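Heads up: the structure comes next, in structure tokens.
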Amino acid sequence: MSASRRLEPNRRMSEDPLEAAIMPPANESMDDRERRLQAEAQAKKVSDGIDEMLRREEKERSKKRQIKVLLLGQSESGKSTTLKQFQLLHTPAAFRAERMAWRSVIYLNLVRSVRRILEAISPDPDINGSNDDLPDEGDSVASIIISAKGNHRSYVVPDYERYSSRLAPLLRLEERLSQQLSSPEEEEPIRLHPDATSSAYASSVSLAPVSPSSSNSSGPSSAGPISAPQLKSQASEVSVHTHSNWKKMFSFGGKPKSVDTNELVGWWEDPDDPCHVMYSCAQAMTELWRDRTIRWVLEQKRIRLEESSGFYLDEIERITAKKYIPTDEDVLKARLKTLGVTEHTFTLSHGMIRGVEWKIYDVGGARSQRQAWAPYFEDVNAIIFLAPISAFDQQLAEDPRVNRLEDSLLLWKMVVSNKLLANVNIVLFLNKCDLLRAKLESGVRLNHHLYSYGDKPNDYESVKKFFYNKFGFIHQQHTPNKDRELYVHFTSVTDTRRTQVIINNVRDIVLKANLKDIQLI
Ligand SMILES: Nc1nc2c(ncn2[C@@H]2O[C@H](COP(=O)(O)OP(=O)(O)OP(=O)(O)O)[C@@H](O)[C@H]2O)c(=O)[nH]1
Ligand SMILES: [Mg+2]
């Protein structure tokens, strides 16, 4: 019988014993074949089911060894800066590889500070007669003009026209850099407006891509001074959507690298590189920032540039050098408003617990961005909430009627009372302590802005303690989980040494609290 079996050619040639064993008999009837195929299909289904189950288990296991941390807080509270500190601590090589991309953001930040100064000293067209009151040439004192109703002051700075003419090229550079960042395929290009979703504003100033040849003609003439409306229309925040690949765009991938340092070289030989405009305006910027009359006007108008990106104004010479490469500190202080959510992942390769994956989410804190927070509440392990306590005398950029401290307190209440977050560890960073100290020491009184502070001392330690109690009390009153411990740190997240100690501490607290969840005990 076996001699009569007809083997198909490929079967006959098979030398694989397993294949030979499972080969169907050569004289298989149609019914047998049907039954065999059904049995094989059934077996495959079971096998696929097992594979799927193993895949799911593996996914679940790796998810369990994951810690998710969400950074929350209002705009400019320091979330992205904290994320950068995490990156610098855990993935320093990647952090440093991006520093050339940050150079253009730093230029934009510096130009924005210059713009804010020019805006502050520009003549007010609504106030008549300002020219009549101009002091004599050479007079270093600004004249003060008070409007007829007495509620509007304007300061005339004699050198305004001269400064604005000399600094006009910066305005065109700002426009060019913004246009470069707004690549046509970007959903949400870099914009220079206060609130990305404010449609009225967006339509008036958002930057449509233009061809390189038109970019020169679209800027103001370098011969004339910058007009006040031009300044006002663009002197707002630089923001970029997290989907954007601006880092790639600004990292000059094609440029050669130094053999010794692996840093980029040669960009300064490109006549179109922005370093040339920065360099040529350096002297005028320095004079503007050192001008005592202008400093006085800024003081009168309570414009504190050190609270935003004014830091670069003290570093003009270094930053405008043609071969400038941003330092870690420069990158940490670079301000780029977040639109959307950024995710940063790292795995601890040493220490008591290895192999746990950390995911840090940085969200946009402006009011229009906050609706994006909620989906992340579902499976987050810890929240770092940043409250900039130096902002007690400031208003929200997106709504000047709202005090920033008040907004922070309301947000804090919203987060700590959220039932979805009842079992989530919460770490509070009472941030910008360096600015708080400087502000109090310069004589700004907390009780002028927060009446409930009463006549308590206006020194740094007393104010810190007051904020500690205030935020702690709100947590105690509103948390749905009375057993939850609150961890509070006084921070200045631009200070790398101190912040990294705090980050390590937070990491250990969060790990300890989640040991069970990540199946390490
Ligand atoms: N002096 C000082 N500056 C800080 C501190 N924290 C943040 N900054 C600066 O404040 C600005 C805003 O910080 P970001 O980290 O961009 O703020 P953010 O919370 O991410 O803001 P959004 O992206 O708009 O939500 C940056 O220029 C930072 O360098 C601090 O503790 N001290
Ligand atoms: Mg941010």
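The values are calculated or read from the model by the stated rules, or taken from the named source; none is laboratory data. Bear in mind that the values here come from a model prediction, so they are computed numbers and not experimental data. Cβ coordinates were reconstructed from backbone atoms using ideal geometry, including for glycine residues, and neighbour counts include every protein chain displayed. Heavy atoms of the whole protein, side chains included, go into the accessibility calculation; ligands, DNA and RNA do not. Shrake-Rupley method; radii C 1.70, N 1.55, O 1.52, S 1.80 Å.
General observations
- Probe 1.4 Å - accessible area at residue 483, Å² to nearest ten: 140 Å²
- Förster radius 45 Å - calculated FRET efficiency between residue 379 and residue 43, Cβ distance, rounded to 0.05: 0.80
- Between residue 36 and residue 468, the modelled labels are 8.0 nm apart [label points 7 Å from Cα along Cα→Cβ].
- Just the protein heavy atoms count here, and of the accessible area of segment 334-445 at 1.4 Å, carbon and sulfur take up 49 percent.
- Values of log10 I(q)/I(0), in the order q = 0.16 Å⁻¹, for segment 461-521 under a Debye, Cα-only, solvent-free model: -0.74
- Solvent exposure ordering (accessible area, 1.4 Å, most first) of 429, 311: 311, 429
- Per residue, segment 322-407 exposes 40 Å² of solvent-accessible protein surface, assessed with a 1.4 angstrom probe and all protein chains in place.
- Residues 44, 464 ordered from highest to lowest accessible area at a 1.4 Å probe: 44, 464.
- Solvent exposure, largest accessible area first (probe 1.4 Å, DNA, RNA and ligands not counted), of 419, 79: 419, 79
- Length-normalised contact order for segment 431-491 - Cα pairs under 8 Å, 6+ apart - percent: 36 percent
- Here r is the Cβ-Cβ distance between residue 413 and residue 124 and R0 is 60 Å; the resulting FRET efficiency, rounded to 0.05, is 0.90.
- Treating r as the C-beta distance of residue 283 and residue 325 and R0 as 35 Å, the FRET efficiency rounds to 0.95.
- Estimated at the nearest 10 Å², the accessible area of residue 495 is 50 Å² with a 1.4 Å probe.
- Here the contact order of segment 306-460, divided by its residue count and restricted to Cα pairs under 8 Å and six or more residues apart, works out to 17 percent.
- Solvent exposure of residue 437, expressed as accessible area, is near 100 Å², computed with a probe of 1.4 Å over the protein chains only.
- By average C-beta atoms within 10 angstrom, highest first, the peptides 360-370, 67-77: 67-77, 360-370
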